[in-house]
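First the structure, in the form of structure tokens, and then the observations on it.
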Amino acid sequence: MRHLLDIADLSPADLAGLLDDADGFVEVLARPIPKVPALRGKTVTTAFFEASTRTRLSFERAAKTLSADTMTFAPGTSSLSKGESLKDTVLTLQAMGSDLLVMRHQAVGAAERAAEWLSIPVVNGGDGAHQHPTQALLDALAIRRRFGTLEGLQIAIVGDIRHSRVARSDLLAFSKLGATVTLVAPRTLLPVTFADWPVRVSSSLDEVLPELDVVYLLRVQTERGGASVFPSLAEYTTRFGMTRERRSRLKRDAVVMHPGPMNRGVEIADEVADDPDALVLEQVSLGVAVRMAVLFRLLGGESDA
Ligand code: ASP
């Protein structure tokens, strides 16, 4: 593995191998002093051209736990405002001694372009509505740790599929690992074509609810126009929101997931988000271990962890 750009590039065995490594790093993170020297001397640079709370901080925490140094490129205060191109920007970050670049950009394919320009590994931290591979890995890890396997599980991904890189990444990872994925959304929030996706589709959350093991709720992506294709947010909630009442109709051991940031009261009710059974914060914690596994794999660190 030279870069991590798209879940489509990974085989089921690659996915399982990364999750196995991440399981090992969960144990490292639980130690009294959660630090290993695996990537000492390496520099991990993050360049996020789009907003992020979890992904960027999670990569920084992952890099530091592996004893790598980190550099953070901040687009808002950079020479982008003087018209510097994306290519010149990432070449500059490489010339400064970055050993790996984690990049998020609003344009589909941006990380892939960077990977063509650079000789260091590139990790896609989200490109437009296309891919967010480390989100899919952490979600798969959260599910595997809860259920032991994804094989045979019924997973629904609910909501704004059209604008969601999380949906595009997760559905590939979940199905490669043996789960059956159902997309639940109104036609207006589905992409124009999805014929070659390994999924079933339903427009009724209530119909599929009783058979699900995992309900994966997506954020309505207001910044990508996700709210405008629906008459009102209240109507969205009526049909697709995970209310306490819907939660009570799930199987006993079913779990509710959300990638964050949550629109509380829209796709997820407060009581469901704050329920100790929701996996939302567990997803965040496991994100660090998964990103350690990715950095470790791409930077070829020696393991004494
Ligand atoms: N944080 C995730 C992403 O950047 C999900 C979201 O924003 O809804 O794609």
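Bear in mind these aren't lab numbers, they're just calculated from the coordinates by the rules spelled out. Nothing here was measured: the structure is a model prediction, and the numbers come from that model. Heads up, the Cβs are rebuilt from the backbone with ideal geometry, glycines too, and the neighbour counts pull from every protein chain shown.
Things to note:
- Those residues of segment 76-102 which are touching a strand residue (DSSP E or B) at 6+ places or on another chain (Cβ under 8 Å) and loosely packed, with under 15 Cβ neighbours inside 10 Å, in sequence order: Met96, Gly97
- Count of residues meeting criterion [part of a helix (DSSP H, G or I), more than 11 Å from the ligand (Cβ to nearest atom) and either β-branched (Val, Ile, Thr) or within 14 Å of the chain's Cα centre (by Cα) (or both)] in segment 39-62: 2
- Among the residues listed as Asp14, Asp20, the single one being loosely packed, with under 14 Cβ neighbours inside 10 Å and in a helix (DSSP H, G or I): Asp20
- Segment 210-226 residues that are farther than 21 Å from Glu282 by Cα, paired with ones that are more than 11 Å from the ligand (Cβ to nearest atom) and in a helix (DSSP H, G or I) (beta carbon under 8 Å, 6 or more apart): Val220/Leu233; Val220/Tyr236; Gly226/Leu189
- Looking across segment 29-66, the residues that are more than 20 Å from Ser285 (Cβ to Cβ) and surrounded by fewer than 16 Cβ atoms within 10 Å (Cβ to Cβ) come down to Pro37, Arg40, Gly41, Ala51.
- The one condition from (1) in a loop (DSSP other than H, G, I, E, B); (2) within 16 Å of the ligand (Cβ to nearest atom) that Glu223 does not meet is (1).
- Matching option when the condition is under 21 Å from the mean Cα position of the chain (by Cα) and either of a type in the set (A, V, I, L, M) or loosely packed, with under 12 Cβ neighbours inside 10 Å (or both), among Val220, Val192, Val208, Val229: Val220
- Tally of residues being within 16 Å of the ligand (Cβ to nearest atom), within 18 Å of Leu279 (Cα to Cα) and of a type in the set (S, T, N, Q) across segment 149-168: 0
For (1) part of a strand (DSSP E or B); (2) polar (S, T, N, Q), each residue gets a yes or a no:
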{"residue": "Val90", "(1), (2)": "no, no"}
{"residue": "Met103", "(1), (2)": "yes, no"}
{"residue": "Glu116", "(1), (2)": "no, no"}
{"residue": "Val123", "(1), (2)": "yes, no"}
{"residue": "Thr134", "(1), (2)": "no, yes"}
{"residue": "Asp139", "(1), (2)": "no, no"}
{"residue": "Gly152", "(1), (2)": "no, no"}
{"residue": "Ile161", "(1), (2)": "no, no"}
